Amino acid sequence: MMLSSRKWIWFGVVISVLLGSAALKPEAASACSCAIVSNVQEAKQSSDAVFDGTVIGKKTASKLFASSSADPVTWTFQVNEVWKGKVAPVLSVTSAESGDSCGYEFREGQRYVVYARKTGETLDVSLCSRTALYSAAGQDLADLGVGSVPPQQPAAAADSQSGFLLWWLLLLAAAAVLAAMIYYKRRSKKQTF
């Protein structure tokens, strides 16, 4: 059966539309919808921790099969200044992996002003908080005022760590001296023969 020229034209149009629509990339849909608190003091009040820190690490949960934009990511910060909460010098927060699931997508090496809420045993950060790059948080920094420096490691703990290191160094030095003595003793025996 032969197609008429009119049917060939329609056939070409249909094929063109199908191929054209397949070539277009669909726009990404976002499942995150939130109203960002416009007042810094309200955001501080509704947060359990507010601090300024630099991202020094990222840990994602390893998935064997499918992953989701809602999978948790743990971000580790070196904390510079604290406005609220019991914040250690090094602190971890969690967030969803993607902004599509309201996760805040931090970047390692970047400095942020972070507003976090406690959920169970973890501090969580979402795209809906006032969390922002430090360089873009001028108004927040002005409204927050001067914060405090996070508490440093207690001197006793630092001394115990340095004492532990000292013991290892002494042990290593003793092993080096013992190895040198054995070497020279064997060497002197070889020369006497």
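The values are calculated or read from the model by the stated rules, or taken from the named source; none is laboratory data. Small disclaimer: the values here were computed from a predicted structure and weren't measured. When we count neighbours, we look across all protein chains shown, and the Cβ atoms used for this are built from the backbone with ideal geometry, even at glycine. Each accessible area value is taken on the protein alone, full model and side chains, heavy atoms only, with ligands, DNA and RNA left out. Shrake-Rupley method; radii C 1.70, N 1.55, O 1.52, S 1.80 Å.
Please list, ordered by chain and number, the residues whose modelled amide H lies under 5 Å from the amide H of E81; skip anything fewer than 5 residues away on the same chain.
Here the answer is D52, since their amide H atoms fall under 5 Å of that of E81.
Can you work out ³J(HN,Hα) from phi for every residue in region 45-54, in order, using Karplus 6.51 cos²θ - 1.76 cosθ + 1.60 and θ = phi - 60°, giving whole Hz and x for Gly and Pro?
5, 7, 9, 8, 8, 9, 8, 10, x, 9
Take Y115, Y104, Y184 and sort them by solvent-accessible surface of the protein heavy atoms, 1.4 Å probe, largest at the top. Intermediate results must be reported in sequence, preceding the final value.
Numbers: Y115 5, Y104 35, Y184 140 Å².
Per-residue accessible area, sorted high to low, gives Y184, Y104, Y115.
Could you provide, to the nearest whole Å², the per residue accessible area of region 79-159 with probe 1.4 Å?
Per residue, region 79-159 has an accessible area of 54 Å².
So what is the relative contact order for region 32-128, in percent, with contacts set as C-alpha pairs under 8 Å and at least six apart?
34
Among K59, K189, K86, what's the order by accessible area (1.4 angstrom probe), most exposed first?
K86, K59, K189
Along the Cα→Cβ direction, 7 angstrom out, place labels at S68 and V149. What is the inter-label distance in nm?
Once both label points are built, they end up 4.3 nm from each other.
Assuming R0 = 30 Å, can you tell me the calculated FRET efficiency for the pair L170 and S92, based on Cβ-Cβ distance, to the nearest 0.05?
Working: r = 34 Å, r/R0 = 1.15.
Approximately 0.30, to the nearest 0.05.
Using a 1.4 angstrom probe on the protein heavy atoms only, could you order V146, V90, V50 from most to least accessible area?
V146, V90, V50
With a point put 7 Å past each Cα toward its Cβ, work out how far S188 is from Q41 in nm, to one decimal.
Reported label-point gap for S188 and Q41 is 8.2 nm.
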